[in-house]
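Worksheet: one structure, shown below.
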Amino acid sequence: MNNKWIESNTFHHSEFKDLHRLVEAKQRKNISISLCLPTLNEEKTIAKEIVIMRSELMTRYPLIDEIVVIDSGSTDKTRHIARSYHATVYQADDILPHLEKFRGKGENLWKALYVTRGDIVVYIDADIKNIHQRFAYGLLGPLLLSDRIRFTKAFYDRPISMGDNKLRPTGGGRVTELVTRPLF
(Lines give C-alpha, C1' and ligand atoms only; values in the text may rest on other atoms or scores of the structure.)
Protein backbone atom coordinates (compact mmCIF):
# COMPACT_ATOMS: atom_id res chain seq x y z
CA MET A 1 0.00 0.00 0.00
CA ASN A 2 1.19 3.50 -0.79
CA ASN A 3 2.45 5.16 2.43
CA LYS A 4 2.11 8.63 0.90
CA TRP A 5 -1.60 8.01 0.30
CA ILE A 6 -2.08 6.76 3.87
CA GLU A 7 -0.31 9.80 5.31
CA SER A 8 -2.36 12.27 3.27
CA ASN A 9 -5.65 10.48 3.98
CA THR A 10 -5.33 9.76 7.69
CA PHE A 11 -6.62 12.43 10.02
CA HIS A 12 -6.91 13.11 13.72
CA HIS A 13 -10.17 14.50 15.09
CA SER A 14 -8.30 17.53 16.46
CA GLU A 15 -7.85 18.77 12.88
CA PHE A 16 -11.62 19.38 12.77
CA LYS A 17 -12.31 20.86 16.19
CA ASP A 18 -13.25 24.24 14.68
CA LEU A 19 -16.94 23.45 14.52
CA HIS A 20 -17.84 26.87 13.08
CA ARG A 21 -15.69 25.97 10.07
CA LEU A 22 -17.48 22.63 9.65
CA VAL A 23 -20.92 24.26 9.91
CA GLU A 24 -19.90 26.84 7.30
CA ALA A 25 -18.70 24.08 4.96
CA LYS A 26 -21.94 22.17 5.47
CA GLN A 27 -24.00 25.27 4.69
CA ARG A 28 -21.86 26.12 1.66
CA LYS A 29 -22.38 22.61 0.27
CA ASN A 30 -26.09 22.81 1.15
CA ILE A 31 -26.20 19.31 2.61
CA SER A 32 -27.89 17.62 5.54
CA ILE A 33 -26.34 15.18 8.00
CA SER A 34 -27.92 12.28 9.83
CA LEU A 35 -26.41 10.61 12.87
CA CYS A 36 -27.30 6.93 13.18
CA LEU A 37 -26.86 4.99 16.40
CA PRO A 38 -27.22 1.23 15.83
CA THR A 39 -28.40 -0.37 19.07
CA LEU A 40 -28.98 -3.61 20.90
CA ASN A 41 -29.55 -3.32 24.66
CA GLU A 42 -27.73 -0.01 25.14
CA GLU A 43 -29.86 1.47 27.94
CA LYS A 44 -26.75 2.33 29.97
CA THR A 45 -25.13 4.55 27.31
CA ILE A 46 -27.78 5.71 24.82
CA ALA A 47 -29.06 8.73 26.77
CA LYS A 48 -25.60 10.22 27.28
CA GLU A 49 -24.76 9.78 23.60
CA ILE A 50 -27.95 11.46 22.43
CA VAL A 51 -27.63 14.31 24.93
CA ILE A 52 -24.02 15.07 23.98
CA MET A 53 -24.57 14.87 20.23
CA ARG A 54 -27.81 16.87 20.36
CA SER A 55 -26.50 19.59 22.66
CA GLU A 56 -23.13 20.04 20.97
CA LEU A 57 -23.77 19.16 17.31
CA MET A 58 -27.40 20.19 16.85
CA THR A 59 -28.13 22.96 19.33
CA ARG A 60 -24.78 24.65 19.91
CA TYR A 61 -23.38 23.99 16.42
CA PRO A 62 -25.99 23.04 13.78
CA LEU A 63 -23.90 20.30 12.21
CA ILE A 64 -26.23 17.30 12.57
CA ASP A 65 -29.82 17.52 11.38
CA GLU A 66 -31.28 14.34 12.85
CA ILE A 67 -30.45 11.56 15.29
CA VAL A 68 -31.80 8.16 14.31
CA VAL A 69 -31.61 4.97 16.36
CA ILE A 70 -31.89 1.66 14.51
CA ASP A 71 -32.53 -1.08 17.05
CA SER A 72 -31.98 -4.82 16.63
CA GLY A 73 -34.69 -5.85 19.08
CA SER A 74 -33.47 -4.64 22.45
CA THR A 75 -35.06 -6.29 25.44
CA ASP A 76 -34.10 -3.48 27.79
CA LYS A 77 -35.26 0.18 27.75
CA THR A 78 -33.01 1.34 24.90
CA ARG A 79 -35.81 2.38 22.53
CA HIS A 80 -37.87 4.05 25.27
CA ILE A 81 -34.87 6.03 26.51
CA ALA A 82 -33.85 7.07 23.00
CA ARG A 83 -37.38 8.33 22.25
CA SER A 84 -37.50 10.21 25.56
CA TYR A 85 -34.39 12.12 24.41
CA HIS A 86 -36.07 12.94 21.08
CA ALA A 87 -34.22 10.56 18.80
CA THR A 88 -36.18 9.02 15.95
CA VAL A 89 -36.30 5.29 16.71
CA TYR A 90 -36.85 2.37 14.35
CA GLN A 91 -36.73 -1.35 14.87
CA ALA A 92 -34.62 -2.92 12.14
CA ASP A 93 -37.29 -5.58 11.52
CA ASP A 94 -39.81 -2.86 10.60
CA ILE A 95 -37.59 -1.43 7.84
CA LEU A 96 -38.10 -3.32 4.57
CA PRO A 97 -40.11 -6.00 6.36
CA HIS A 98 -40.50 -8.09 3.20
CA LEU A 99 -36.78 -8.95 3.25
CA GLU A 100 -35.23 -11.75 5.26
CA LYS A 101 -34.29 -10.58 8.74
CA PHE A 102 -30.77 -10.75 10.09
CA ARG A 103 -30.03 -9.58 13.60
CA GLY A 104 -27.03 -7.41 14.16
CA LYS A 105 -25.19 -4.21 13.60
CA GLY A 106 -24.59 -4.79 9.90
CA GLU A 107 -28.31 -4.91 9.20
CA ASN A 108 -28.86 -1.78 11.29
CA LEU A 109 -26.23 0.09 9.28
CA TRP A 110 -27.58 -0.61 5.81
CA LYS A 111 -31.23 -0.31 6.80
CA ALA A 112 -30.50 3.15 8.18
CA LEU A 113 -29.96 4.29 4.60
CA TYR A 114 -33.68 3.73 3.96
CA VAL A 115 -34.97 5.89 6.82
CA THR A 116 -32.41 8.66 7.34
CA ARG A 117 -32.82 11.94 5.46
CA GLY A 118 -29.23 13.14 5.39
CA ASP A 119 -26.99 13.51 2.38
CA ILE A 120 -24.31 12.21 4.74
CA VAL A 121 -24.95 9.49 7.30
CA VAL A 122 -22.49 9.21 10.17
CA TYR A 123 -22.60 6.07 12.29
CA ILE A 124 -21.51 6.06 15.91
CA ASP A 125 -21.57 2.98 18.13
CA ALA A 126 -24.16 3.29 20.87
CA ASP A 127 -22.09 1.61 23.59
CA ILE A 128 -19.28 4.15 23.92
CA LYS A 129 -18.76 5.00 27.57
CA ASN A 130 -16.41 7.93 26.92
CA ILE A 131 -18.54 9.50 24.18
CA HIS A 132 -17.57 12.94 22.93
CA GLN A 133 -18.73 14.97 19.97
CA ARG A 134 -15.30 14.42 18.38
CA PHE A 135 -16.46 10.91 17.47
CA ALA A 136 -18.84 12.54 14.97
CA TYR A 137 -16.96 15.64 13.85
CA GLY A 138 -13.77 13.64 13.35
CA LEU A 139 -15.62 11.59 10.73
CA LEU A 140 -17.44 14.56 9.21
CA GLY A 141 -14.47 16.91 8.93
CA PRO A 142 -12.78 15.24 5.94
CA LEU A 143 -16.10 14.86 4.13
CA LEU A 144 -17.04 18.49 4.60
CA LEU A 145 -13.66 20.09 3.98
CA SER A 146 -12.53 18.02 1.01
CA ASP A 147 -14.34 17.48 -2.27
CA ARG A 148 -12.33 14.36 -3.07
CA ILE A 149 -13.15 12.35 0.07
CA ARG A 150 -16.41 10.39 -0.08
CA PHE A 151 -16.03 7.91 2.81
CA THR A 152 -14.47 8.05 6.25
CA LYS A 153 -13.98 5.31 8.81
CA ALA A 154 -12.74 5.86 12.33
CA PHE A 155 -10.10 3.76 13.96
CA TYR A 156 -8.87 3.78 17.51
CA ASP A 157 -7.78 1.36 20.16
CA ARG A 158 -10.94 -0.12 21.50
CA PRO A 159 -11.03 -2.37 24.52
CA ILE A 160 -13.23 -5.43 24.42
CA SER A 161 -15.03 -7.03 27.34
CA MET A 162 -14.03 -10.62 27.95
CA GLY A 163 -16.75 -11.22 30.59
CA ASP A 164 -16.36 -11.60 34.34
CA ASN A 165 -15.31 -7.92 34.54
CA LYS A 166 -12.21 -8.63 32.42
CA LEU A 167 -11.23 -6.07 29.83
CA ARG A 168 -8.68 -6.60 27.08
CA PRO A 169 -7.16 -3.25 25.97
CA THR A 170 -7.59 -4.00 22.26
CA GLY A 171 -9.67 -6.29 20.11
CA GLY A 172 -12.85 -4.27 19.72
CA GLY A 173 -13.88 -2.81 16.42
CA ARG A 174 -14.88 -6.08 14.79
CA VAL A 175 -16.88 -4.35 12.03
CA THR A 176 -13.71 -2.63 10.86
CA GLU A 177 -11.65 -5.79 10.97
CA LEU A 178 -14.25 -8.19 9.57
CA VAL A 179 -16.09 -6.00 7.06
CA THR A 180 -14.56 -2.64 6.21
CA ARG A 181 -10.87 -3.54 5.95
CA PRO A 182 -11.44 -6.63 3.71
CA LEU A 183 -13.91 -4.68 1.57
CA PHE A 184 -11.40 -1.96 0.79
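The values are calculated or read from the model by the stated rules, or taken from the named source; none is laboratory data. Just so it is clear, the model here is predicted, and its values are computed rather than measured. Virtual Cβ from ideal backbone geometry, glycine too; neighbours counted across all protein chains shown.
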Any residue in the stretch 66-82 that is over 19 Å from residue 130 (Cβ atoms) and among the basic types (Lys, Arg)? yes
Selection count where residues are more than 16 Å from residue 143 (Cα to Cα) and either of a type in the set (D, E, K, R) or crowded, with 21+ Cβ neighbours inside 10 Å (or both), scope the stretch 23-56: 14
Hits in the stretch 3-22 (condition: loosely packed, with under 14 Cβ neighbours inside 10 Å and modelled with pLDDT under 95): 3, 4, 5, 6, 7, 8, 9, 10, 12, 14, 15
Condition check for residue 147: closer than 23 Å to residue 27 by Cα, surrounded by fewer than 18 Cβ atoms within 10 Å (Cβ to Cβ) and modelled with pLDDT of 95 or more: no
The stretch 2-55, residues that are out of contact with any strand residue (DSSP E or B) (no Cβ under 7 Å at 6 or more places or on another chain), hydrophobic (A, V, I, L, M, F, W, C), under 17 Å from residue 135 (Cα atoms) and part of a helix (DSSP H, G or I): 16, 19, 22, 23, 47, 51, 52
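Matching residues to (1) under 13 Å from the mean Cα position of the chain (by Cα); (2) more than 18 Å from residue 48 (Cα to Cα); (3) of a type in the set (Lys, Arg); (4) in the same structural domain as residue 41 (by TED's automatic domain parsing):
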site	(1), (2), (3), (4)
74	no, no, no, yes
82	no, no, no, yes
89	no, no, no, yes
97	no, yes, no, yes
111	no, yes, yes, yes
123	yes, no, no, yes
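For every residue, the table says whether it meets (1) more than 15 Å from the chain's Cα centre (by Cα); (2) of a type in the set (A, V, I, L, M); (3) not assigned by TED's automatic domain parsing to the domain that holds residue 119.
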site: 8; (1), (2), (3): yes, no, yes
site: 27; (1), (2), (3): yes, no, no
site: 34; (1), (2), (3): no, no, no
site: 43; (1), (2), (3): yes, no, no
site: 46; (1), (2), (3): no, yes, no
site: 59; (1), (2), (3): yes, no, no
site: 63; (1), (2), (3): no, yes, no
site: 79; (1), (2), (3): yes, no, no
So in the stretch 128-150, with the set limited to residues that are out of contact with any helix residue (DSSP H, G or I) (no Cβ under 8 Å at 6 or more places or on another chain) and in a loop (DSSP other than H, G, I, E, B), which one is nearest to residue 17 (Cα to Cα)? 146
